[in-house]
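Enquirer: Below is a structure I'd like to ask you about.
The values are calculated or read from the model by the stated rules, or taken from the named source; none is laboratory data. Quantities reported herein were computed from a predicted structural model and do not represent experimental measurements. Cβ coordinates were reconstructed from backbone atoms using ideal geometry, including for glycine residues, and neighbour counts include every protein chain displayed. Please note that ligands, DNA and RNA were not included when accessible areas were found on the heavy atoms of the full protein model with its side chains. Shrake-Rupley method; radii C 1.70, N 1.55, O 1.52, S 1.80 Å.
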Amino acid sequence: MNSYKLLTPGPLTTTATVKEEMLFDRCTWDQDYKDITQKIRTQLLDLAGVTADEYTTVLMQGSGTFTVESVMTTSLKKQDKALIITNGAYGERIVKIADSIGLQYEQYSVAYNAYPDEAELRRILEEDQQITHIVMVHCETTTGILNPIEMVSDLAKAYDKTLIIDAMSSFAGVEMDVRALGIDYLISSANKCIQGVPGFGFVIAKLDKLKACEGNARSLSLDLYDQWKEMDKDGKWRYTSPTHVVAAFSKAIDELIAEGGIPARFQRYQHNNQLLREKLAKVGFQTYITEEKQSPIITTFLFPHDSFQFEDFYFYVKERGFVLYPGKLTEVNTFRIGNIGEIYEEDIETLCSVIEEYMGVVVK
């Protein structure tokens, strides 16, 4: 087995105890397994700081993109229209989803290193009365930018729009008041900040909004409403669920709580991120995102010079125990380093020493 650590935005490095949960085979129909599903659903509401009388949790098989598509296909009626805010590849993927399933939408796009402009969003909302939903990625892992969720939340409230937030890479790693923000659908995945393994995503949804979605879905397997109706009975998934992944995720939630919850995890991630950026700046790596917009999840670094060979750099670092992430940007050459998962200060220190060696610089 490999011994390297994943410095990516998920899948990520997990604990041995999370991995061990996948050594046991479980039956989808068994009550013990269904109890695990219900435990997860309750704990996710607790992590979001919301209550079961106002919100519910629905788990959905597949990657995070499957779960985003389940929300998009279920939450919008044929006559509805979404305003999709994009400043990265994952926001643009939501646009592709909308195209694929035939949704009405308007895309508002800004540069990958820029925030959406509030005045421009107000203009769009005032001029297009057909818009019913606002959709945005919170932490756009294309770059690591943390988008202004409070501003967009205020607009959704002011204009009475349903708010869909792709919090794939931020939920449980960044503190947010879901209820105060008025988020109607919050979407995340098992293999992100809760530090589970890939296989399913989840939606924390306002009950009244979800209950109004019966019959909306243009998909059988991705019908979030039907998934909720079945799961809400006793924890049974409609179709075969990733049992090993679900058990591992349950353990990962327990470990998040034992660490001190979201505040403690945020503090660890933020410290990792600050240390990484400070040390790499000393050897010539500048960040693509300015500090005030930077998330504690993943950082995009510019190539230090024109002759920099990422593939050579990548394999040098991998051979010494760390897997990095290529850039998704098209206009500039970049790569990314994530610091979520079972990663601590000593790991960042070791990584930076490896990179310093590669660059031929000794930082004192």
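Enquirer: (1) at pLDDT 95 or above; (2) assigned to a loop (DSSP other than H, G, I, E, B); (3) small (Gly, Ala, Ser): which one isn't true of Ser3, the others all being true?
Expert: Failed condition: (1).
Enquirer: Please work out which residue is farthest from Leu163 (Cα to Cα), limiting yourself to the stretch 204-248 and to residues that are of a type in the set (D, E, K, R) and outside any helix (DSSP H, G or I).
Expert: Of everything passing the filter in the stretch 204-248, Lys236 is farthest from Leu163 (Cα to Cα).
Enquirer: Acidic (Asp, Glu), touching a residue at least 12 places away in the same chain (Cβ under 8 Å) and either closer than 30 Å to Glu331 by Cα or open to solvent by 10 Å² or more (accessible area, probe 1.4 Å) (or both): does that describe Asp160?
Expert: No: the conditions fail for Asp160.
Enquirer: Let me ask something additional. Within the stretch 110-123, track down each residue that is surrounded by fewer than 18 Cβ atoms within 10 Å (Cβ to Cβ) and over 25 Å from Thr8 (Cα atoms).
Expert: Within the stretch 110-123, Asp117, Glu118, Ala119, Glu120, Arg122, Arg123 meet the criteria.
Enquirer: On the given criteria, is Arg218 touching a Gly at 6+ places or on another chain (Cβ under 8 Å), in contact (Cβ under 8 Å) with a residue 24 or more places away in the chain and of a type in the set (D, E, K, R)?
Expert: So Arg218 passes the test.
Enquirer: Could you tell me which residue of the stretch 319-336 is least open to solvent (accessible area, probe 1.4 Å), considering only residues that are under 15 Å from Ile145 (Cβ atoms) and among the hydrophobic types (A, V, I, L, M, F, W, C)?
Expert: Looking at the filtered set, the residue picked out is Leu329.
Enquirer: So, one more: Exactly one condition in (1) crowded, with 23+ Cβ neighbours inside 10 Å; (2) touching a residue at least 60 places away in the same chain (Cβ under 8 Å); (3) not in a loop (DSSP other than H, G, I, E, B) is false for Arg179; which is it?
Expert: (1)
Enquirer: Oh, and also: So which of Ser169, Ser221, Ser189 is among the hydroxyl-bearing types (Ser, Thr, Tyr), open to solvent by 10 Å² or more (accessible area, probe 1.4 Å), at pLDDT 95 or above and touching a strand residue (DSSP E or B) at 6+ places or on another chain (Cβ under 8 Å)?
Expert: Ser221
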